[in-house]
């Protein structure tokens, strides 16, 4: 709003009169009509009401920007009409008219939410200026409210964006942390693989030297002239024995490599497990005189679908392991059992048992138990046995016969399904 005060001037309104609707309320119908006529002449849209109830009905039926009402401080009905009007239309701007222009009445009017008040009789020019200011103030208040709403919406959007951004940051951080953990694990596995490779090379060099040295030495002895009668034959037997030992080591290394690289293959066919293990036990009994072998099995054959050679290899490793870790003249017990669905093979000895430390890593490659009476071998036997059993969808378990005391030896148990639906390669 701008006010021209030249020569007492008149108010110049910035807002168009037709853009606002005014409700004039006065019990004095002549005053109300006169004010209505003046305001209509100025271009306002005006409606006149003669009392509080009529004013409330008008407010309920239409939208008004400004309420010009006669308020009598001494009339409770007038005060109640104002209160009801403000409750009905909270956004309406109120300009009061009063016949008692005192400071106390002005303060009471302002406390009731009245924008301004005019003293009767109403000066038309003052009326125009006051209404213009009231409507300008109302417009500014509405614009402020709109800006506040826009700011609230923008704040909510910013808050939502920050929330989504934080979620994305948290997700990216979690992914990065997982990648770092995976990289650490990969580095750990790589380091472990390198350590295993180094141990493997050292083990191969050491184990190969074991049978090679006797082969070389006895071959050199066999070349000497004037050998005693029978010496050449003994030398050849020793060379052949260590040659077979070297060949078994090469087979173990090849089998372990195939298991580790996923290139292990099976030839599945039905065979009599009892007969195969019985033959194996007889071979050990004939060659290992310093141990006693006990073989227990059902009277009827136990037929399974498996790779016969691989199963025999697995059981041979367990029996060979029992021979190494049992006492001299101790018993090696082999038992066959099962039901319609599974077959079990137990190999037990009466040695010192397995320590808790060895129990945790006994099936790892290149591991030998602390109580072995024979340092020969590749350290791959149990690793290979577990791999063969796993390839047949079976399990391999170990326990000390005497529990935690370890004084009665160990028992290895292979559990195999009796029927396999498909070959595994």
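Where a number appears in this text, it was derived from the coordinates with a stated rule and is not lab data. This is a predicted model, so every value here is computed, not measured. Every residue, glycine as well, gets a Cβ built from its backbone with ideal geometry; the counts of neighbours run over all protein chains shown.
Taking 60 Å as R0, compute the FRET efficiency from the Cβ-Cβ separation of residue 265 and residue 170 and round it to 0.05. Walk me through the intermediate numbers first.
On the way: r = 48 Å, r/R0 = 0.80.
That gives a FRET efficiency of 0.80.
In terms of the mean number of neighbouring beta-carbon atoms within 10 Å, the peptides 159-172, 380-393, 48-61 order highest first as 380-393, 48-61, 159-172.
Rounded, prolate or oblate: pick one for region 207-280, where a ≥ b ≥ c are the square roots of the eigenvalues of its C-alpha gyration tensor, a/c under 1.5 means rounded, and failing that, prolate if a/b is larger than b/c, else oblate.
Numbers: a/c = 5.07, a/b = 1.95, b/c = 2.60.
The shape class here is oblate.
Hey, for a label at residue 192 modelled as a point 7 Å past Cα toward Cβ, could you say which residues of region 247-283 have their backbone N under 20 Å away? Once the point is set 7 Å along Cα→Cβ of residue 192, 256-263 turn out to lie under 20 Å by backbone N, inside region 247-283. Using 16 Å as the cut-off for backbone N distance, which residues of region 298-331 belong to the label zone defined by a point 7 Å from the Cα of residue 340 along Cα→Cβ? 303, by backbone N distance to the label point.
Residues 266, 212, 140 in ascending order of nearby Cβ atoms (within 10 Å, fewest first): 140, 212, 266.
Report the gain in length on full extension from residue 178 to residue 395: 0.36 nm times residue separation, minus Cα-Cα distance, nm rounded to one decimal.
On the way: separation 217, 0.36 × 217 = 78.12 nm, distance 3.28 nm.
Once the chain is fully extended between residue 178 and residue 395, it gains 74.8 nm.
Arranged from fewest to most other beta-carbon atoms within 10 Å of their beta carbon, 38, 315 become 38, 315.
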